[in-house]
1. Looking for something within 21 Å of Thr183 (Cβ to Cβ) and touching a strand residue (DSSP E or B) at 6+ places or on another chain (Cβ under 6 Å) - is there at least one such residue anywhere in the stretch 114-131?
2. Please return the ranges of strands (runs of 3 or more DSSP E) entirely within the stretch 136-229 where 2 or more residues are in contact (Cβ under 8 Å) with a residue 24 or more places away in the chain, within 16 Å of the ligand (Cβ to nearest atom) and buried (at least 20 other Cβ atoms within 10 Å of the Cβ).
3. Go over the candidates Arg86, Arg96, Arg56 one by one and state the one that is touching a residue at least 24 places away in the same chain (Cβ under 8 Å) and out of contact with any Gly (no Cβ under 9 Å at 6 or more places or on another chain).
4. Do you know which residues across the stretch 15-57 are of a type in the set (D, E, K, R), crowded, with 19+ Cβ neighbours inside 10 Å and away from the ligand (no atom under 12 Å from the Cβ)?
5. Would you mind stating whether Val333 is over 20 Å from Thr450 (Cα atoms), of a type in the set (Val, Ile, Thr) and free of Cβ contacts under 8 Å to residues at least 24 places away in the same chain?
6. Scan Leu361, Leu413, Leu425 and give me the residue that is without any contact (Cβ under 8 Å) to a residue 60 or more places away in the chain, within 31 Å of the chain's Cα centre (by Cα) and over 30 Å from Ala495 (Cβ atoms).
7. Write out, first by first residue and then by second, each pair whose Cβ atoms fall under 9 Å of each other, whose residues are 6+ apart or on separate chains, and whose first residue, in the stretch 5-19, is closer than 17 Å to Val200 by Cβ while the second is assigned to a loop (DSSP other than H, G, I, E, B) and within 7 Å of the ligand (Cβ to nearest atom).
8. Which pairs turn up if I take residues in the stretch 101-126 that are over 23 Å from Gln141 (Cα atoms) and look for partners that are assigned to a helix (DSSP H, G or I) with beta carbon separation below 9 Å, at least 6 apart in sequence or on another chain?
Amino acid sequence: MSVVTRIAPSPTGDPHVGTAYVGLFNYVLARRHGGRFVLRLEDTDRQRYQPEAEARVLQMLEWLGLRADEGPGIGGSHGPYRQSERLEHYHAHAERLIDEGHAYRAFETPEELEAMRLEQRRLAHDPGYDGRGRNVPVAEQARRAAAGEAHVVRLRTPDEGDTAFHDLLRGEVRIPNAEIRDTVLLKSDGYPTYHLAVVVDDHLMGVTHVMRAEEWVTSTPIHVLLYRALGWELPTFVHLPLLRNPDANKTKISKRKMDTSVESYRAQGILSEALLNFLGTMGWSMPDGREIFSLDDMIAAFDPTRISLGGPVFDLKRLRHLNARYLRDVLSVEALAERVQPWLEERELRAADEDYLLDALDLVRPRAETLVELVDQLTPFLVERIAYDVDARRRLAAGQAYLEDLERAFAALEWFDDDDVDELLRSYVQRQAVPMGKVMMPLRVALTGTTQAPGVVDLVVVMGKDRTLDRIGQALQAISEGLPDDDPDRLKAEAEAAAKEEARAKRNRRPLNAAGRS
Ligand code: GLU
């Protein structure tokens, strides 16, 4: 059997990590069986529709490497792939359902429906449409519709009994029909509801596996009734577990508690491979239990029946840890260089030569968890002029004499390899009879402008003789130009700038949270 899977995001905002998660599993299942993976946009909620969201979904899939075989802007023989362009299909099927007695036009006004609700509340009856429009004769329905009277189309659902379906992970799921209540299929604006559109599209697009988030489990019986009414074969239903916050109650992940936009993870410097790997561990694991696996590994081993339902936790610490592993030892340093390139360009940084970049990357990569951290640590290697903050300048001043000696010693050193540099520094420190750090710290600051940097011997060796001498020279120059201790105005200005920056960062955080709450 050929497998066809799909994702059907609503273009209503920044693509959500949940969409990436569901996308990954659908992509993997289709690829595993040499099938098709379809992207469909469920854009029938015209109030929440955002035109730019479609491009964002495509960009997200592109970035993650989950390319759809069919979809808007991609093509395919089952299009169009935007539901707003498929209205004729929904209308035709609604007509068919009406003609065959499975659906009817209902003409209640919003006021009537509101009065019905109030009455139900007063009598303590279960809320929901009471089926009052069912018995309007078909000819009268047609006449009123033809006269332009506003109406919806409702599915005629059984009052008694249950509707059951088989979920690949949950087994039989059964819902009392009394809870379904003649669901609306077509709205008065002519747009379909999710239920009608999803069933018609999944069928017409040949979808064999409907794999989606758990929150749709309770809608599935409505879909099952529709499939039956239309005489169509059911697809395999797989409802993936919801991703959870790492809080005590393990609530469903939400914008309020954490970043849920895929774009924000990209912008933080999470690698697409690491995010996929991480999402691949949400309710699933490699049969051999290994933590690091590629998309291809997952495709080769994927078996949806091994998905576990025990509330996978979207733990940012684990994501960063995985990302660090990719930076440190999964990607080759050459591949890493390619990844950092756009980030370097953004900061207008260029390496003098490729080898220098690779050596520097190799040196800093064990210390970074994200690409942003990696580029931050790489920056001192690539800038021409080192900037020293107050603390750095103070440390330079404390080491002035050592820096002067080392400048001479390095200038005289012929071979700049690990052993020679190590020997030079070691014997120098010994002769000075001071603790190692007294000498190393000012040197580290001179070379990088920061106190947090890799081992000094490595730094010197990677930077090489010319650069090392140039940087020591810059440091000595900065010292001779006067230090912040002599210059209270500069100190004050720097403290004020730092406070301003802090306040700005705080302000920028706030609207994000506020937006999350809306
Ligand atoms: N538009 C729905 C969503 O965004 C699709 C649900 C489904 O896959 O059936 O989650």
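1. no
2. Because the criterion is at least 2 residues that are in contact (Cβ under 8 Å) with a residue 24 or more places away in the chain, within 16 Å of the ligand (Cβ to nearest atom) and buried (at least 20 other Cβ atoms within 10 Å of the Cβ), the strands (runs of 3 or more DSSP E) in the stretch 136-229 that meet it are 209-213.
3. Arg96
4. The answer is Arg31, Arg36, Glu54.
5. In short, no.
6. Unique residue meeting the criteria: Leu361.
7. These pairs meet every condition: Ala8/Glu42; Ser10/Glu42.
8. If the second residue must be assigned to a helix (DSSP H, G or I), the pairs left are His125/Glu119; Asp126/Gln120; Asp126/Ala178; Asp126/Glu179.
Every read-out reported here was derived from the displayed coordinates using simple, explicitly stated rules and does not represent laboratory data. Please read all numbers here as calculations on a predicted model, not as lab measurements. No Cβ is skipped: glycine too gets one built from the backbone with ideal geometry, and neighbour counts run over all protein chains shown.
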